[in-house]
1. Residue check, A:GLY235 against (1) within 12 Å of chain B (Cβ to nearest Cβ); (2) on the phi > 0 side of the Ramachandran plot; (3) within 23 Å of the chain's Cα centre (by Cα); (4) not acidic (Asp, Glu), all met but one. Which one?
2. Tell me which residues, restricted to the stretch A:160-184, are within 27 Å of B:SER381 (Cβ to Cβ) and modelled with pLDDT under 95.
3. Which residue is nearest to A:GLY383 (Cα to Cα), if the candidates are limited to the stretch B:402-426 and must be more than 11 Å from chain A (Cβ to nearest Cβ), hydrophobic (A, V, I, L, M, F, W, C) and part of a strand (DSSP E or B)?
4. Just checking, how many residues over the stretch B:420-436 are under 16 Å from B:CYS256 (Cα atoms) and in contact with a Ser or Thr (Cβ under 8 Å, 6 or more places away or on another chain)?
5. Sort out which residues of the stretch A:372-397 are surrounded by fewer than 22 Cβ atoms within 10 Å (Cβ to Cβ) and more than 12 Å from chain B (Cβ to nearest Cβ), and write them in order of number.
6. I'm told A:SER156 meets every condition in (1) under 26 Å from the mean Cα position of the chain (by Cα); (2) within 14 Å of another protein chain (Cβ to nearest Cβ); (3) free of Cβ contacts under 8 Å to residues at least 24 places away in the same chain except one. Can you identify the failing condition by its number?
7. Kindly indicate the residue of the stretch B:259-273 that is assigned to a helix (DSSP H, G or I) and surrounded by fewer than 22 Cβ atoms within 10 Å (Cβ to Cβ) and also farthest from the other protein chains (Cβ to nearest Cβ) among those meeting that condition.
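The values are calculated or read from the model by the stated rules, or taken from the named source; none is laboratory data. As the structure is a prediction and not an experimental result, all values here were calculated from the model. Note: ideal-geometry Cβ built from the backbone for every residue, glycine included; neighbour counts use all protein chains shown. When the accessible area is computed, the model is the full protein with side chains, heavy atoms only, and any ligands, DNA or RNA have been set aside. Shrake-Rupley method; radii C 1.70, N 1.55, O 1.52, S 1.80 Å.
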Amino acid sequence: MPDYIDHFGISDEDIEKVVSTALSRGCDFSDLFFEHSIENIITMEEGIVKEGLKAVSLGVGIRCVKGEGTGYAYTEELSLEKMRKAALTAAAIADSGSAPAPASYREIEHSNYYPLDRLTTDEPLGRKTGWIEQAEKAARDSDPSIVKVSVTLADSLRTVRLITSDGRSLRDVRPMTRISVSAIGERNGNRQVGISSGGGRIGPGYFAEKTPAEHGSEAARQALLLLEAIDAPAGQMEIILAPAESGILLHESVGHPLEADFIRKKTSAYTGRVGDKVASELVTVIDDGTIMHDRGSLNFDDEGVLTEPTVLIENGILKGFMQDRISASFFATSPTGNGRRESYRYPPMPRMTVTYLANGETDPGEIFSSTKKGIYCKSFKGGQVDISNGDFVFVPIEAYLVENGKITVPVKNLTLTGNGPEVLSRVTHVGNDFAFSDGRWTCGKGQSVPVGVGLPTIKISGITVGGSELG
Amino acid sequence: MNMDEMKTLAMKAIKTTIGEGADTAEVTVSGQDRFSVTVRNERTDNLTESVSSRISITLSAGKKKASITTSDLSPENIRKMIVEAVELSSVMDRDEYFDLPDQEETGVADEIKGLFDPETVGIPADEKISIALALERAACGLDTRIISDGASFSSGMYSLVFANSSGFCEGYEQTGFSTDISCAVEDTARKGKNTARKQSSFWFSTSCDRAGLDPIENTASIAVNRTLRKLGAVKPKTCSVPVIFDQVTARKFLGCIASAVNGGNIYKRASFLADMIGKEISSPLVTIIDDPLMPGRLGSRPFDAEGVRSRKNTVVENGVLTSYLLSSYQARKLSMKTTGSSGGISNFYMVPGSHTLDEIISSIDEGLFITALSGPGANWSSGDFSQGAQGIWISGGKLTHPVTEFTVAGTFSEMLSKISMVEDSLDWKSTVASPAFKIDRMTISGS
């Protein structure tokens with residue numbers, strides 16, 4: 001962990017007073033989430049380094065939980081008076097008795113899944129603009145058809161201290177780096193956008209693995225490819241998903257409906273189905289916040305539970321859900337380290353960390369050779385799911401037509417639609433080439449949190465491809 | 001913080017910023033006081049209260065620009081961050097187009113009525129909770145199959161001060177209320193081994209004043225109706241038919257048009273409407289306006305994010321693109337004039353047409369009434385449109401059965417040019433509003 005700097009300056013005595021106030025109306029438990037965050041964003045567009053932004057936030061969120069109910073308040077002034085006022089507001093969720101606050105707080109040891117000797121946040125500004133310029137130049141130099149390039153480098157450092165009413169204290173420093181390049185190609189009135197981005201809970205060392213110039217070239221390559229792409233066909237067909245980034249399909253179609261709040265509220269399509277076969281036996285799905293340096297990893301979640309690998313689906317059988325403390329208590333099970341929040345302004349809820357489909361045994365070449373006509377999807381813009389039934393859509397950026405076992409021509413303007421449970425039961429091949437996606441995904445469920453995904457090459461026997469060309 | 005304290009803080013920050021060596025400074029101080037409660041199964045599920053404020057400063061030195069924003073309003077932190085911003089600006093490139101807006105453009109529009117409801121402050125928490133409870137009860141009372149996914153009430157007070165180093169310093173206050181209800185229902189119609197299918201939907205109401213909220217019975221019954229009418233939804237056949245976008249999906253479509261006319265996307269050429277001013281981009285039935293001066297609307301404002309006086313802008317008039325929405329910077333980049341649109345749209349809407357929704361539906365022999373769109377497949381840069389959708393099939397001029405798991409695809413240009421009927425009413429739910437409209441033909445991909 002990078003050095004923990006105490007931005008909060010709160011004495012144990014004051015903590016006890018605030019926790020006592022939070023417990024004064026008899027809630028089941030309470031927690032204080034102190035957070036200091038620094039975010040830096042530098043953007044280059046139209047050939048100049050144009051905008052620099054630094055954002056600093058400081059605050060504490062105080063939560064009181066009674067049964068399934070949450071009282072929540074936050075303050076950005078860390079005076080005892082303001083914190084007690086917030087605690088009293090949150091405490092109003094409960095209405096009987098009171099419990100004493102612990103007098104001392106035990107520091108909880110935890111693993112570190114993002115050890116760094118240098119932070120992007122501490123890098124000299126000139127070095128950061130250097131990376132950005134390299135990426136921009138690489139994209140611009142790719143081809144005269146590339147008319148606009150923009151590059152954004154964002155880094156952040158969040159310092160968190162969590163206090164729970166059962167006497168635990170946890171401290172963490174959470175770094176993040178993300179570079180994003182977008183390139184617009186224009187030819188004969190046709191305009192296409194290519195995007196490349198990546199990063200993680202990692203420092204400047206990231207650029208030794210994947211250089212800014214590689215991101216620049218990649219964005220341009222994609223835009224140029226899309227200029228050559230034909231409109232996608234419409235109808236039901238076989239889909240091959242490339243490794244790594246395609247994990248977004250899993251995140252949308254299966255991940256969200258396995259978040260325990262939807263199960264507890266009985267609104268998920270997977271409610272009451274533990275032990276059922278919900279996918280092809282080739283499918284094992286895991287959520288794991290302990291992947292080193294991944295964008296979605298956390299040493300502990302935002303309610304103080306240590307992260308761990310959680311098997312959601314094993315060989316097609318539904319094993320369990322992603323639990324926060326409220327849901328775990330409702331189901332009389334253990335929380336799984338999935339209680340996350342965007343910042344101190346929000347109470348936690350069950351969220352994914354790094355969600356992936358485990359490696360299989362099939363050679364990817366065989367997956368292609370068994371395909372007569374289909375679509376091969378390499379990268380994605382994103383997706384969305386209807387939790388109540390698992391119906392999803394997702395939108396590829398880079399995709400190709402596969403004919404008689406061979407990739408033939410790039411296609412554009414398509415949306416894939418399907419039903420999560422149905423599609424997972426139609427997984428016919430799982431490749432042996434598993435990879436995690438580069439760190440670029442942010443998940444929105446009322447609150448935004450960074451997540452990771454991963455997948456080997458897989459084939460699904462039928463998904464509806466929404467293109468505009470009737471075949 | 002009251003308005004005067006916010007103005008004092010803003011002026012002080014301007015002074016410090018210029019004192020640290022900046023040529024220009026723009027400061028926004030904003031504050032909010034929010035309350036929200038969600039109830040589920042007759043219990044409080046979540047109650048959140050917060051008071052927060054923030055200062056944001058943009059400065060330039062030698063036309064090199066940098067910004068900071070922070071919730072830590074201590075004088076030490078603000079000063080420290082201003083010094084950091086000056087340093088940050090030194091590594092930026094010179095941007096010849098950067099400047100404060102012309103002084104004749106800055107100013108405050110005449111008072112816009114109905115944006116602030118002084119009663120906001122006085123509503124006790126218990127009363128707010130009871131509104132949410134009543135909404136949930138109303139919904140569950142309509143049909144025993146309804147599973148509540150929560151009913152909410154929220155209220156907020158927002159204040160904003162903007163100041164710049166040319167002497168502008170003004171502020172305004174606004175209040176906002178909303179109610180919403182989400183519900184689900186078991187959908188056993190589809191046979192098969194892999195289903196615990198449900199259907200879900202929601203409805204909501206928003207207003208600047210409490211009295212402007214829809215009666216809870218209306219909100220509840222629309223939410224329940226939107227949920228129940230999805231029962232037994234099937235995948236439609238792949239085909240090419242006329243479609244109607246209802247007000248919810250029309251609003252989403254119009255939101256994409258708002259992005260496509262945004263000056264930032266225009267000068268970056270990330271819009272299918274770049275270079276199209278004065279050209280016919282749509283059927284003549286389409287007129288689109290952005291109006292920040294509307295009384296009692298959530299997007300109303302007396303000046304924009306850089307202090308430019310608000311004015312009504314007609315973006316599309318009878319199918320012809322008449323204006324982009326521009327900040328002063330975007331205007332300079334395009335050799336145009338600011339439209340007072342820094343910070344984005346205000347109240348962006350399509351002007352209602354002349355047909356009732358029933359007339360539009362009955363004009364279609366076989367087609368689709370679209371009620372939900374999902375996924376990120378609306379690409380206003382390339383102009384390609386491909387979205388997951390849900391809706392109701394139309395046969396013989398009547399709504400028949402629900403359909404789901406399909407996509408609608410086309411291009412924005414084609415869709416706009418094929419709008420052949422526009423509904424005669426408008427329901428304001430957010431800062432974008434659109435009547436329902438009919439598009440003569442689109443590709444539906446289903447089974």
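1. The failed condition is (3).
2. A:ILE184
3. The qualifying residue nearest to A:GLY383 (Cα to Cα) is B:VAL403.
4. Of all residues in the stretch B:420-436, those under 16 Å from B:CYS256 (Cα atoms) come to B:430-436.
Add one more test, that the residue is in contact with a Ser or Thr (Cβ under 8 Å, 6 or more places away or on another chain), and what stays is B:430-431, B:435.
The total comes to 3.
5. Hits for the stretch A:372-397 are A:LYS372, A:LYS373, A:LYS378, A:SER379.
6. Answer for A:SER156: the failing condition is (3).
7. First pass over the stretch B:259-273, keeping only residues assigned to a helix (DSSP H, G or I): B:259-260, B:263-267.
Now drop any that are not surrounded by fewer than 22 Cβ atoms within 10 Å (Cβ to Cβ), which leaves B:259, B:264-265.
On the way: B:SER259: 13, B:GLY264: 10, B:ASN265: 10 Å.
Result: B:SER259.
Table: residues versus (1) in contact (Cβ under 8 Å) with a residue 60 or more places away in the chain; (2) within 27 Å of A:GLY61 (Cβ to Cβ).
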residue: A:ASP287; (1), (2): yes, yes
residue: A:GLY296; (1), (2): yes, yes
residue: A:ILE313; (1), (2): yes, no
residue: A:GLN323; (1), (2): yes, yes
residue: A:ILE326; (1), (2): yes, yes
residue: A:ALA332; (1), (2): no, yes
residue: A:GLY339; (1), (2): no, yes
residue: A:SER343; (1), (2): yes, yes
